[in-house]
Amino acid sequence: MPKPVVAIVGRPNVGKSTIFNRIVGERIAIVEDKPGVTRDRIYGNGEWLNHEFHLIDTGGIEMADEPLLNQMRYQAELAIEEADVIIFVVNGRDGITAADEEVSQLLFRSKKPIVLGVNKMDDPTLHEKMYEFYSLGIGDPVAISGSHGLGLGDLLDEVTGRFENIIEDDYDEETVRISLIGRPNVGKSSLVNAMLGEERVIVSDIPGTTRDAIDTPFERDGKDYVIIDTAGMRKKGKVYETTEKYSVIRAMRAIERSDVVLMVINAEEGLIEQDKRIAGYAHEEGRAIIIVVNKWDVVEKDDKTLREFEQKIRDEFLFMDYAPILFVSAKTKQRLHKVLPLVELVSESHNQRVPTNVLNDLIVDAVTMNPTPTDHGGRRLRINYATQVAVAPPTFVLFVNDPELLHFSYRRYLENKVRDTFDFTGTPINIYARKKND
């Protein structure tokens with residue numbers, strides 16, 4: 001199940017960034033006592049009582065040359081579109097303002113779950129002012145103080161309590177879920193249509209034509225698939241520039257719902273930093289990954305072009321050296337017939353199990369060829385036993401005398417030995433060390 005998305009909404013200077021920092025536990029958002037000081041939309045991960053979620057601070061969404069009320073309206077609209085639960089923050093010291101009422105009406109009409117946080121209530125004598133916020137029609141207000149951390153537990157209880165109504169995927173576990181990620185105009189929608197053989201997704205040269213993630217189930221050679229198209233990174237009109245800030249959240253949610261991720265790159269434009277960020281998230285989430293270089297038909301080529309481009313990708317994605325690279329053209333359908341067989345291959349790798357006796361024989365051979373490391377005191381790592389504890393991604397546990405002795409370099413060596421023996425194309429591998437109980 002993908003992590004729910006929680007957005008913090010409210011007019012400037014009500015303390016949104018301070019609350020965001022408190023919840024994610026890091027000082028990510030810039031906090032200053034001036035309205036609108038959060039320059040970029042910030043997102044992070046929050047956790048409360050075993051619930052994990054994405055958290056968005058909408059304060060960075062600013063529309064050039066737009067009145068403040070219009071800016072706030074756009075922020076609220078974006079939060080409504082992206083969030084599963086919305087935290088509406090007001091300033092308890094100021095009481096209800098016209099801007100608060102404007103935002104509350106938008107949120108109320110959205111039918112999204114809303115939690116009302118009345119901030120800056122660190123002085124108990126102010127609590128009698130809480131009652132006026134019932135008039136916003138949002139429900140029971142929660143008194144909080146972002147700067148002191150007061151009441152945030154109550155706020156998060158209310159937020160996570162709304163997660164129960166979030167609908168999960170109901171696809172059969174045999175269905176392979178594929179997401180296409182990448183920045184606008186790399187050709188994700190065109191790839192979907194070309195793979196399906198029909199115009200199922202609107203295609204345009206304007207970046208961000210597809211508004212929403214679209215699930216497209218289909219069947220091929222007796223196998224069920226679902227394509228999650230994440231092209232919905234922008235919208236028309238005033239919000240065009242600002243919604244690009246949400247592209248990472250959209251990609252994260254699609255990745256979390258996927259088994260296999262197609263990281264789509266525009267051959268004309270090459271790589272940018274955001275490509276690496278999104279691909280890194282897919283890697284960290286343990287998804288199977290294929291790097292798809294689209295629009296290969298428009299690149300001027302000689303006999304070295306493909307090899308040089310592939311090496312450039314490898315240099316940029318060092319952490320993903322297991323991911324196969326496929327050069328395609330949605331327009332001419334060049335190599336498109338290879339996509340689904342490769343999806344099937346990496347999906348099988350992602351779910352592959354290694355017999356315990358074979359794994360332990362492999363570890364013994366690896367240690368014989370390259371003895372385990374020692375620490376400065378001369379203590380040597382001793383691997384007593386190994387077992388695979390999970391798939392998707394394949395996860396192995398080594399029972400050792402001291403987990404601290406398993407250096408990163410030796411972990412990498414063992415991973416390479418596992419990959420040399422078994423075909424784990426397209427999937428990350430996790431290797432953990434646990435202390436053996438004597």
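Are any of the residues in the stretch 318-326 of a type in the set (Val, Ile, Thr) and touching a helix residue (DSSP H, G or I) at 6+ places or on another chain (Cβ under 7 Å)?
Just the residues of the stretch 318-326 that are of a type in the set (Val, Ile, Thr), to begin with: 325.
Within this subset, residues satisfying the condition of being touching a helix residue (DSSP H, G or I) at 6+ places or on another chain (Cβ under 7 Å) are 325.
Yes, the conditions are met somewhere in the stretch 318-326.
Search the stretch 60-95 for residues being at pLDDT below 85 and assigned to a loop (DSSP other than H, G, I, E, B), and hand back the single one that is least open to solvent (accessible area, probe 1.4 Å). Before you say what the answer is, go through the steps one by one.
Start the filter on the stretch 60-95 by keeping residues that are at pLDDT below 85, which leaves 60-82.
If we keep only those that are assigned to a loop (DSSP other than H, G, I, E, B) too, we end up with 61-67.
On the way: Ile61: 0, Glu62: 73, Met63: 17, Ala64: 83, Asp65: 153, Glu66: 37, Pro67: 74 Å².
So, considering only residues that are at pLDDT below 85 and assigned to a loop (DSSP other than H, G, I, E, B), the one least open to solvent (accessible area, probe 1.4 Å) is Ile61.
Condition first: aliphatic (A, V, I, L, M) and part of a strand (DSSP E or B). Now tell me which residues in the stretch 371-396 satisfy that.
First, pick out the residues of the stretch 371-396 that are aliphatic (A, V, I, L, M): 381, 383, 386, 389-392.
The answer is Ile383, Ala386, Val389, Ala390.
Give the stretch 301-325 a look and list any residue that's under 24 Å from Val418 (Cα atoms) and of a type in the set (A, V, I, L, M), or say none.
Once the filter is applied, which keeps residues that are under 24 Å from Val418 (Cα atoms) and of a type in the set (A, V, I, L, M), the stretch 301-325 yields Ile313, Leu318, Met320, Ala323, Ile325.
Each row is one residue, and each column tells you yes or no for (1) closer than 26 Å to Asn430 by Cβ; (2) among the aliphatic types (A, V, I, L, M).
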site: Ile289; (1), (2): yes, yes
site: Val292; (1), (2): yes, yes
site: Val298; (1), (2): no, yes
site: Lys304; (1), (2): no, no
site: Leu318; (1), (2): yes, yes
site: Ala323; (1), (2): yes, yes
site: Glu348; (1), (2): yes, no
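Scan the helices (runs of 4 or more DSSP H) fully inside the stretch 96-205 and keep the ones with 1 or more residues being over 29 Å from the mean Cα position of the chain (by Cα), more than 30 Å from Val346 (Cα to Cα) and in contact (Cβ under 8 Å) with a residue 40 or more places away in the chain.
Numbers: elements: 98-110, 152-161, 188-196.
The helices (runs of 4 or more DSSP H) meeting that bar are 98-110.
Mind checking which residues of the stretch 113-133 are open to solvent by less than 60 Å² (accessible area, probe 1.4 Å) and in contact with a strand residue (DSSP E or B) (Cβ under 7 Å, 6 or more places away or on another chain)?
Those that are open to solvent by less than 60 Å² (accessible area, probe 1.4 Å) and in contact with a strand residue (DSSP E or B) (Cβ under 7 Å, 6 or more places away or on another chain): Pro113, Ile114, Val115, Leu116, Gly117, Val118, Asn119, Lys120, Met121, Asp122, Met130, Phe133.
Among (1) touching a strand residue (DSSP E or B) at 6+ places or on another chain (Cβ under 7 Å); (2) closer than 17 Å to Ser258 by Cα; (3) at pLDDT 70 or above, where does Glu173 come up short?
With (1) touching a strand residue (DSSP E or B) at 6+ places or on another chain (Cβ under 7 Å); (2) closer than 17 Å to Ser258 by Cα; (3) at pLDDT 70 or above applied to Glu173, the lone miss is (1).
Which one of these does Thr368 not meet: (1) within 23 Å of Asn437 (Cα to Cα); (2) over 35 Å from the mean Cα position of the chain (by Cα); (3) not in a loop (DSSP other than H, G, I, E, B)?
Unmet for Thr368, out of (1) within 23 Å of Asn437 (Cα to Cα); (2) over 35 Å from the mean Cα position of the chain (by Cα); (3) not in a loop (DSSP other than H, G, I, E, B): (1).
Any residue in the stretch 12-34 that is within 18 Å of Ala99 (Cβ to Cβ) and assigned to a loop (DSSP other than H, G, I, E, B) sitting within a Cβ distance under 6 Å of a residue that is small (Gly, Ala, Ser) and modelled with pLDDT of 90 or more? List the pairs, counting only those 6 or more apart or interchain.
Partner pairs satisfying both residue conditions: Gly15/Gly146.
Among the residues of the stretch 389-396, are any touching a strand residue (DSSP E or B) at 6+ places or on another chain (Cβ under 8 Å), closer than 30 Å to Val176 by Cα and of a type in the set (Phe, Trp, Tyr)?
Yes - at least one qualifying residue is present in the stretch 389-396.
Mind checking which pairs have a first residue in the stretch 310-331 that is farther than 15 Å from Leu342 by Cβ and a second that is of a type in the set (S, T, N, Q) and outside any helix (DSSP H, G or I), Cβ under 8 Å, 6 or more apart or different chains?
So the pair list comes out as Ser329/Asn294; Ala330/Asn294.
Considering each of Phe424, Phe399 in turn, give the residue that is assigned to a loop (DSSP other than H, G, I, E, B), among the aromatic types (Phe, Trp, Tyr) and at pLDDT 95 or above.
Details: Phe399 fails: assigned to a loop (DSSP other than H, G, I, E, B).
The conditions single out Phe424.
Could you say whether any residue in the stretch 335-356 is out of contact with any helix residue (DSSP H, G or I) (no Cβ under 9 Å at 6 or more places or on another chain), buried (at least 17 other Cβ atoms within 10 Å of the Cβ), hydroxyl-bearing (Ser, Thr, Tyr) and modelled with pLDDT of 95 or more?
Yes.
Of the residues Asn437, Asn416, Asn401, only one is within 32 Å of the chain's Cα centre (by Cα) and open to solvent by 20 Å² or more (accessible area, probe 1.4 Å); which?
Answer to the check: Asn416.
The values are calculated or read from the model by the stated rules, or taken from the named source; none is laboratory data. Since this is a predicted model, take the numbers as computed values, not measurements. Cβ atoms come from the backbone with ideal geometry, glycine included; neighbour counts cover every protein chain shown. What goes into the accessible areas is simple: the full protein's heavy atoms, side chains included, and nothing from ligands, DNA or RNA. Shrake-Rupley method; radii C 1.70, N 1.55, O 1.52, S 1.80 Å.
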